[in-house]
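The structure appears right after this line, and notes come after that.
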Amino acid sequence: MELGLEPRFPQHTGSFRFWFADQRWEWSEAVAALHGYGPGEVEPTTELLLAHKHPDDRGEVSDTLETVVETGLPFSSRHRIIDTAGVMHHVLVVGDQLRDSVGALVGTAGFYIDVTDTVAAERQVTIDEQLPEMVAAREVIEQAKGALSAIYGINAEQAFAVLRWRSQETNTKLRVLAEKLVAGLAAFGGADTRTRTRFDHLLLTVHEQP
């Protein structure tokens with residue numbers, strides 16, 4: 001990428017330049033805004049840039065920058081930044097070689113793309129794909145909780161604690177344990193006659209209860 005070349009970028013995208021000799025950064029207004037700053041509000045530095053990186057990504061970004069300075073090679077990095085308001089953005093940063101008018105390598109230049117919406121959409125697709133299975137798992141667990149509550153005379157929270165305990169003790173997934181318990185209840189053929197009679201009475205008169 002030569003000096004003086006200023007490409008057009010779509011929304012949520014902005015450009016940057018970094019000169020190796022004096023470690024000088026230049027951010028477009030869009031990149032400054034991405035970090036939470038207005039036009040000309042701040043002079044970007046390496047320290048400021050790294051301070052905005054998510055703590056878990058800061059080391060990797062720092063290493064990438066050091067490699068770029070040492071080798072001058074193009075790079076790309078996908079990481080998170082936190083703006084001045086504390087809002088986290090997922091960004092893709094792509095840099096190419098920056099050369100002067102005679103072709104000498106003087107730095108790196110490229111662009112930021114805010115991919116936060118894309119990440120959120122990808123997560124939503126994952127949730128949508130998993131939702132039917134999650135609902136089915138919840139249903140069978142609720143059935144198992146109901147059975148334990150009825151048999152032992154305990155509340156829903158206590159019933160879930162029993163299920164979780166058996167899951168951990170037997171190293172069985174909670175949903176699998178619940179499915180087996182509900183399936184096993186069918187083999188009982190229902191409660192004994194005395195219990196069924198008492199339940200019949202409750203079912204037929206519960207509407208009269210205060």
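The values are calculated or read from the model by the stated rules, or taken from the named source; none is laboratory data. Given the structure is predicted, the values throughout are model-derived calculations rather than measurements. Ideal geometry is used to build each Cβ from the backbone, glycine not excepted, and the neighbour counts take in all protein chains shown. Protein only, heavy atoms only, side chains kept; ligands, DNA and RNA dropped before computing areas. Shrake-Rupley method; radii C 1.70, N 1.55, O 1.52, S 1.80 Å.
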The correct count of residues that are within 20 Å of E142 (Cβ to Cβ), modelled with pLDDT under 80 and part of a helix (DSSP H, G or I) in the range 155-201 is 3
Sole miss for H89 among (1) surrounded by fewer than 16 Cβ atoms within 10 Å (Cβ to Cβ); (2) over 16 Å from Q23 (Cβ atoms) is condition (1)
Given (1) open to solvent by 60 Å² or more (accessible area, probe 1.4 Å); (2) at pLDDT 95 or above, L48 misses just (1)
Result of the Cβ filter at 7 Å on the range 76-102, keeping first residues that are farther than 19 Å from R58 by Cβ and in a strand (DSSP E or B) and partners that are open to solvent by less than 60 Å² (accessible area, probe 1.4 Å) and among the charged types (D, E, K, R), at least 6 apart or interchain, is L98/R17
Going through (1) surrounded by 15 or more Cβ atoms within 10 Å (Cβ to Cβ); (2) of a type in the set (A, V, I, L, M, F, W, C); (3) modelled with pLDDT under 85 one by one, I151 fails only at (1)
Reported set for the range 119-148 where residues are at pLDDT 65 or above, open to solvent by less than 90 Å² (accessible area, probe 1.4 Å) and not small (G, A, S) is V140, I141, E142, K145, L148
Taking the range 70-86 and the residues there that are open to solvent by 60 Å² or more (accessible area, probe 1.4 Å) and of a type outside the set (D, E, K, R), the one that is modelled with the lowest pLDDT would be S76
Looking across the range 17-41 at residues that are open to solvent by 90 Å² or more (accessible area, probe 1.4 Å) and outside any loop (DSSP other than H, G, I, E, B), the single one that is farthest from T71 (Cα to Cα) is E29
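Looking at the range 51-69 only, could you name the residues that are of a type in the set (A, V, I, L, M, F, W, C) and loosely packed, with under 13 Cβ neighbours inside 10 Å? Quick ask: steps written out before the conclusion?
Step one: filter the range 51-69 for residues of a type in the set (A, V, I, L, M, F, W, C), giving 51, 61, 65, 68-69.
Residue satisfying the conditions is A51 alone.
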